[in-house]
Amino acid sequence: MSAERPEAFRAPVGMHDVLPPDSRAWRDLVAAFADRAERFGYELVITPIVEHREVFERVGEATDVVRKEMYDFDDKGGRALALRPEGTAPVVRAFVQHRPTVPWKVWYVAPNFRYERPQKGRYRQHWQVGAEALGPADPALDVEMISFAHGFVRDLGITQVRVLLNSMGDGSTRVPYVEALRDYFRAHATGMGDEFLERVEANPIRVLDAKREDWQDVIERAPQLTEHLSPEEQQHFETVQRGLDAIGIEHELAPRLVRGLDYYTSTTFELAGDALDAAQNALGGGGRYDGLAEEMGGPPTPGIGFALGIERLLIAAGAEHAGRGTATTVSGVDVFIVDHLGGLEATVLLHELRESGLRADRAYGGRSVKAQMTAANRSGAAFAVILAPDEAERAAVGAKNLVSGDQLEVPREQIAGWLKLRLEGSAVER
Ligand code: HAM
């Protein structure tokens, strides 16, 4: 057997375990997103973690996400597969495969894999919640998507968020624009290095979102997409802006916001979180991809969506709440059983309480009564139910209020109902 690598039993670089109690914030975030999605008329979609490599090539051969960062591999049958780097291409692939009726409005929560240089807010596995809608080209849907994403971020208590808005045009305006941009960059390529030229030739739009300081001067003065929009695109873009104004969502025009993926057309947007480090301050982003379904062999079908990074949302929410006491919900159980009897009664009662809908737990391994009381207090439970010989003789149990310390005797047969009555009253406080 080969020698084990010292890091073998640690999570891979750039990937993280989420353990309790931190996982509680995740669970609450996903539940809140699910509720909001349903309120907006979106249903859950689940696609595989791996797809054929070609699905993601549609995301853009010239993008870092596909060119440098994809976790791709051949399976044992020789199929070229890749771990999902993002969620839109799989959803559109599923749409093309199953041809559901439109409008098709779906939401998802899933991990994504990008071989990036890890740093705070940038990981090799990150999670997204997102939504996609296929069918309508109506700008009302663009407004809906932005308000869905923006409202969710605000619901998490994140106030430092800005909506950045741009339009990428459509096929007819994009081609001449890309040519104009390429010509401009070629004319300014002296001293910019090989990577610059490579990007200019592969896709000059990918120069616009480059972070390199020494390129910024040339980028600042580059021709802008919104100057090249067709009248229809211009009208669509203005309607989206008026829609956002009408529902009071402030937005900034960001002419160099091109997003890191190649499928975008028309409206694109990003939610910038100002509590995050500037290098990765995007809480989320999205836009239209009106050509993607057709590129995957489906009928021409407009589409739009967004995704938010869960880790970044939690960092931003944590940063804003620091020092003000967090709004995280209390986890744990309602009832804890403290067992002096040592027989099957604790197992039977616990089963009964849980099946009646209560959140209940116990200590294991025949621990001392004192240790069980400590565990009960730690569990966050409002009540301990004490199983002791004296009470058992009278077919009763002890019910101890762990907040006030008061203890009562309650008939064994009535304990589930008794607890439910009292817990319903206090549920809000917990
Ligand atoms: P994206 O901008 O590549 O868009 O990713 C969306 C969000 O995921 C980012 O704004 C960020 O919060 C988070 N994220 C991305 N990469 C990482 C990473 N390495 N570590 C931590 N968080 C990260 C998309 O993926 C598109 N599919 C969004 C979309 C949906 N467009 C249309 N529909």
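Scanning the range 214-266 for residues that are more than 16 Å from the ligand (Cβ to nearest atom), under 17 Å from R199 (Cα atoms) and of a type in the set (A, V, I, L, M, F, W, C) yields W215, V218, I219, A222.
When the range 1-53 is limited to residues that are part of a loop (DSSP other than H, G, I, E, B) and hydroxyl-bearing (S, T, Y), the one that is surrounded by the most Cβ atoms within 10 Å (Cβ to Cβ) turns out to be Y42. Of all the numbered requirements in (1) out of contact with any His (no Cβ under 6 Å at 6 or more places or on another chain); (2) in a loop (DSSP other than H, G, I, E, B); (3) surrounded by fewer than 20 Cβ atoms within 10 Å (Cβ to Cβ), L261 misses one, and that requirement is (3). Where helices (runs of 4 or more DSSP H) fall wholly inside the range 157-254, the ranges with 2 or more residues that are closer than 24 Å to K68 by Cα and within 33 Å of the chain's Cα centre (by Cα) are 194-202, 205-208, 216-220.
Only helices (runs of 4 or more DSSP H) whose full extent lies in the range 304-416 are considered here, and the ones with at least 1 residues that are within 30 Å of N112 (Cβ to Cβ) are 310-321.
For the range 36-53, the set of residues classified as touching a strand residue (DSSP E or B) at 6+ places or on another chain (Cβ under 8 Å) and not small (G, A, S) consists of F40, Y42, E43, L44, V45, I46, T47, I49, V50, E51, H52, R53, listed by residue number. Of everything in the range 202-249, what is without any contact (Cβ under 8 Å) to a residue 40 or more places away in the chain and in contact with a Gly (Cβ under 6 Å, 6 or more places away or on another chain)? Give them in sequence order. Correct list: empty. Do we have G298 as more than 14 Å from the ligand (Cβ to nearest atom), under 29 Å from the mean Cα position of the chain (by Cα), within 22 Å of T267 (Cβ to Cβ) and outside any helix (DSSP H, G or I) here? Here the answer is yes, as G298 does meet what is asked.
Taking the range 361-415 as the range and being surrounded by 15 or more Cβ atoms within 10 Å (Cβ to Cβ), aliphatic (A, V, I, L, M) and under 20 Å from G332 (Cβ atoms) as the test, the residues that pass are A363, M373, A375, A376, A381, A382, A384, V385, I386, A399, L402, I415.
Just checking, does the range 130-144 include any residue being part of a loop (DSSP other than H, G, I, E, B), free of Cβ contacts under 8 Å to residues at least 12 places away in the same chain and surrounded by fewer than 20 Cβ atoms within 10 Å (Cβ to Cβ)? Among the residues of the range 130-144, at least one is part of a loop (DSSP other than H, G, I, E, B), free of Cβ contacts under 8 Å to residues at least 12 places away in the same chain and surrounded by fewer than 20 Cβ atoms within 10 Å (Cβ to Cβ), which makes the answer yes. The single condition among (1) buried (at least 18 other Cβ atoms within 10 Å of the Cβ); (2) modelled with pLDDT of 95 or more that V66 does not satisfy is (2). Selection of the range 271-284 for residues being surrounded by fewer than 23 Cβ atoms within 10 Å (Cβ to Cβ) and at pLDDT 95 or above yields A272, A282. Once the range 73-127 is narrowed to residues that are part of a strand (DSSP E or B) and without any contact (Cβ under 8 Å) to a residue 40 or more places away in the chain, the residue that is nearest to the chain's Cα centre (by Cα) is N112.
The values are calculated or read from the model by the stated rules, or taken from the named source; none is laboratory data. Note that the structure is predicted; figures quoted are calculated from it, not measured. Cβ sites come from the backbone with ideal geometry, for glycine too, and all protein chains shown count toward neighbours.
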